[in-house]
Amino acid sequence: MARLQTLGNRVATQGSRLATSAPGSWRTGKTTSSQRGYNYEWQKARLVHLNDNPLCVYCQREGRVTAASVVDHGVPHRGDMDIFWDKSQWVSLCTHCHSSIKQQEEQRNHRL
């Protein structure tokens, strides 16, 4: 039976957290999701949004029916709480589409 290898020292850390933000990023110094705005108030609003918009919009465009589990900010908020709480920008996505297609779109747009 093959052994699962751990990442060990291959994952860079800063103190007790993963190094996830680039220098000068709006995330710098915000070590928890709650500090970035994803607090209890967000969790409640997220559930209301998913209840009202239960399907992944990207999958729907492709003719698939997939339950959404992520509320994405259609316009990256980058710490701007006015954009963060603008419900007209919220988009329901499945985990796969959020972690793949949406991330690729944001990387492409960031390079432009």
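Considering the stretch 1-105, the qualifying helices (runs of 4 or more DSSP H), each wholly inside and each with 2 or more residues that are over 15 Å from the mean Cα position of the chain (by Cα) and at pLDDT 95 or above, run over 40-52, 57-61. Considering only residues that are surrounded by fewer than 16 Cβ atoms within 10 Å (Cβ to Cβ) and charged (D, E, K, R), which ones fall in the stretch 41-84? GLU41, LYS44, ASP52, ARG61, GLU62, ARG64, ARG78, ASP80, ASP82 - these are the residues of the stretch 41-84 that are surrounded by fewer than 16 Cβ atoms within 10 Å (Cβ to Cβ) and charged (D, E, K, R).
The values are calculated or read from the model by the stated rules, or taken from the named source; none is laboratory data. If you're wondering where the values come from, they're calculated on a predicted model, not measured in any experiment. All Cβ positions, even for glycine, are placed from backbone atoms using ideal geometry, and neighbour counts span all protein chains on display.
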